[in-house]
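Asker: Let me begin by handing over the structure; questions about it come next.
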Amino acid sequence: MSRLQIIFRALVAVAILAALGLGLGTFQVASNEAVVLTRFGSPVHVLTAPGLYGRWPWPVDTVNRFDTRLAFHDTRLSEALTRDKRNVIVPLYLAWRVSDPLKFLQALGSPDTAPARLDSLATSARNTLLGRLDFADLVNADAARVKLPEFEQELAALIRPQALAAFGIAIEAVGVRRIALPEANTGYVLERMRAERGQYAARYRAEGRREAEEIRARAEAEKITLLADAQKYAEEVRGRAEAEAAKLYAQAHAQAPDFYRLTRELEALRKIAQDNTTVVLDTDTAPFNQLKSAPTASLAR
């Protein structure tokens with residue numbers, strides 16, 4: 001074997017040993033994670049800034065990595081009691097991230113155990129707060145009476161400090177997935193909703209009847225006013241017409257009083273002497289004198 005071959009193999013061996021040493025003696029922290037470096041099980045460094053760091057090879061130093069990105073968890077389905085003793089199923093969702101890597105490692109050891117611990121914490125807080133609310137505060141036809149936003153805010157305020165203090169977890173958001181009912185309670189809830197709708201319908205019908213009575217009363221008052229105005233106008237027209245007729249009669253009487261008297265007497269005879277009418281009177285009495293007297297000279301003229 002030549003000297004060059006020996007030197008080349010030596011350089012390759014050194015490179016391999018250097019690479020192994022570099023791999024065993026360094027580690028990298030990504031931008032989306034935090035690292036707790038422990039030495040013989042005891043924490044020595046908490047690293048959150050991305051970069052390359054040195055360490056003693058295992059088993060002296062151990063690199064414990066935790067993803068610091070936002071994670072989500074849905075709580076299990078379980079029943080809870082409201083203040084008015086109604087069973088409800090209110091699953092929650094949690095948005096969380098690792099805030100204190102050291103406390104997270106000491107309390108949970110592994111990220112896989114975090115969902116179960118958060119589930120227990122959120123379920124306990126949910127049951128406590130539901131015990132302060134009536135079922136009508138969760139499900140109601142009147143949106144103003146629903147207190148779900150306040151319920152979610154109180155949940156977050158109750159869970160956040162506990163999760164941070166116990167597990168080093170920051171709770172970013174807490175919300176209600178849905179509100180469900182055990183099958184045994186569904187019929188009762190439907191009947192209650194029907195009763196509430198019936199109350200609304202009865203109230204609307206009563207308001208409609210009241211408005212209808214008001215409309216009828218206004219229409220009747222307007223009718224009476226219109227009839228009175230019409231009657232007044234008719235009386236005025238009738239009065240003017242009668243006055244005009246009286247004026248015409250007076251003018252006609254003044255122009256030919258004998259002729260006017262004659263026409264009035266003939267009109268009276270027409271009304272009195274109907275078919276098969278027998279009248280016994282003095283023919284000298286007007287207007288019956290017209291039955292035997294001849295027209296006067298004045299009328300002839």
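Asker: Could you tell me whether any residue of the stretch 77-85 is among the polar types (S, T, N, Q), assigned by TED's automatic domain parsing to the domain that holds Gln162, touching a residue at least 40 places away in the same chain (Cβ under 8 Å) and in a loop (DSSP other than H, G, I, E, B)?
Answerer: Looking only at the stretch 77-85, we keep the residues that are among the polar types (S, T, N, Q), and these are 78, 82.
This time we only want the ones that are assigned by TED's automatic domain parsing to the domain that holds Gln162, so: 78, 82.
Filter once more, so that each one left must be touching a residue at least 40 places away in the same chain (Cβ under 8 Å): 78, 82.
In the following step, the residues that additionally are in a loop (DSSP other than H, G, I, E, B) were identified as 78, 82.
Yes, because at least one residue in the stretch 77-85 is among the polar types (S, T, N, Q), assigned by TED's automatic domain parsing to the domain that holds Gln162, touching a residue at least 40 places away in the same chain (Cβ under 8 Å) and in a loop (DSSP other than H, G, I, E, B).
Asker: Which one of these does Asn87 not meet: (1) over 41 Å from the mean Cα position of the chain (by Cα); (2) on the phi < 0 side of the Ramachandran plot?
Answerer: If we test Asn87 against (1) over 41 Å from the mean Cα position of the chain (by Cα); (2) on the phi < 0 side of the Ramachandran plot, just (1) comes out false.
Asker: Here is a further query. Going by what's in this entry, would Ile169 be described as more than 23 Å from Ile89 (Cα to Cα), touching a helix residue (DSSP H, G or I) at 6+ places or on another chain (Cβ under 9 Å) and of a type in the set (Val, Ile, Thr)?
Answerer: yes
Asker: Restricting attention to the stretch 207-260, which residues are among the aromatic types (Phe, Trp, Tyr) and at pLDDT below 85?
Answerer: Result: Tyr249, Phe259, Tyr260.
Asker: Quick check on my filter: what residues within the stretch 75-91 are in contact with a strand residue (DSSP E or B) (Cβ under 9 Å, 6 or more places away or on another chain) and surrounded by fewer than 13 Cβ atoms within 10 Å (Cβ to Cβ)?
Answerer: Passing the criteria: Leu77, Ser78.
Asker: Among the candidates Asp142, Asp119, single out the residue that is assigned by TED's automatic domain parsing to the domain that holds Leu81 and in contact with a His (Cβ under 9 Å, 6 or more places away or on another chain). Step through it out loud before you land on a result.
Answerer: On the way: Asp142 fails: in contact with a His (Cβ under 9 Å, 6 or more places away or on another chain).
Only one candidate passes the filter, namely Asp119.
Asker: I would also like to ask the following. Exactly one of (1) under 22 Å from Ala30 (Cα atoms); (2) without any contact (Cβ under 8 Å) to a residue 40 or more places away in the chain is unmet by Leu105. Its number?
Answerer: Every listed condition holds for Leu105 apart from (2).
Asker: Of all residues being part of a loop (DSSP other than H, G, I, E, B) and either at pLDDT below 75 or in contact with a strand residue (DSSP E or B) (Cβ under 6 Å, 6 or more places away or on another chain) (or both) in the stretch 43-58, which is farthest from Thr26 (Cα to Cα)? Just the residue, please.
Answerer: Residue satisfying both the conditions and the ranking: Thr48.
Asker: Out of all the residues in the stretch 126-163, which are polar (S, T, N, Q) and part of a loop (DSSP other than H, G, I, E, B)?
Answerer: Result: Asn140, single match.
Asker: Let me ask something else about it. Taking only the stretch 25-59 into account, find how many residues are exposed (fewer than 11 other Cβ atoms within 10 Å of the Cβ) and over 13 Å from Val98 (Cα atoms).
Answerer: Residues meeting the conditions: 10.
Asker: With respect to Asp100, is the statement that it is assigned by TED's automatic domain parsing to the domain that holds Leu158, of a type in the set (D, E, K, R), modelled with pLDDT of 90 or more and over 29 Å from the mean Cα position of the chain (by Cα) true?
Answerer: yes
Asker: I need the full set of residues from the stretch 139-184 which are of a type in the set (Asp, Glu) and surrounded by 13 or more Cβ atoms within 10 Å (Cβ to Cβ), in order please.
Answerer: Glu152, Glu154, Glu172
Asker: Just to be sure, is Ala122 under 30 Å from Ala107 (Cα atoms), part of a strand (DSSP E or B), in contact with a Ser or Thr (Cβ under 9 Å, 6 or more places away or on another chain) and of a type in the set (A, V, I, L, M, F, W, C)?
Answerer: Spelling it out, it is not the case that Ala122 is under 30 Å from Ala107 (Cα atoms), part of a strand (DSSP E or B), in contact with a Ser or Thr (Cβ under 9 Å, 6 or more places away or on another chain) and of a type in the set (A, V, I, L, M, F, W, C).
Asker: Here's another thing I want to ask about it. Could you tell me which of the residues Ala136, Ala114 is within 30 Å of Arg197 (Cβ to Cβ) and surrounded by 17 or more Cβ atoms within 10 Å (Cβ to Cβ)? Break it down into steps so the answer makes sense when it comes.
Answerer: Details: Ala114 fails: within 30 Å of Arg197 (Cβ to Cβ).
Result: Ala136 is the single residue among Ala136, Ala114 that is within 30 Å of Arg197 (Cβ to Cβ) and surrounded by 17 or more Cβ atoms within 10 Å (Cβ to Cβ).
The values are calculated or read from the model by the stated rules, or taken from the named source; none is laboratory data. Everything quoted here is computed from the prediction, not taken from an experiment. Note that we place each Cβ from the backbone using ideal geometry, even for glycine, and neighbour counts take in every protein chain shown.
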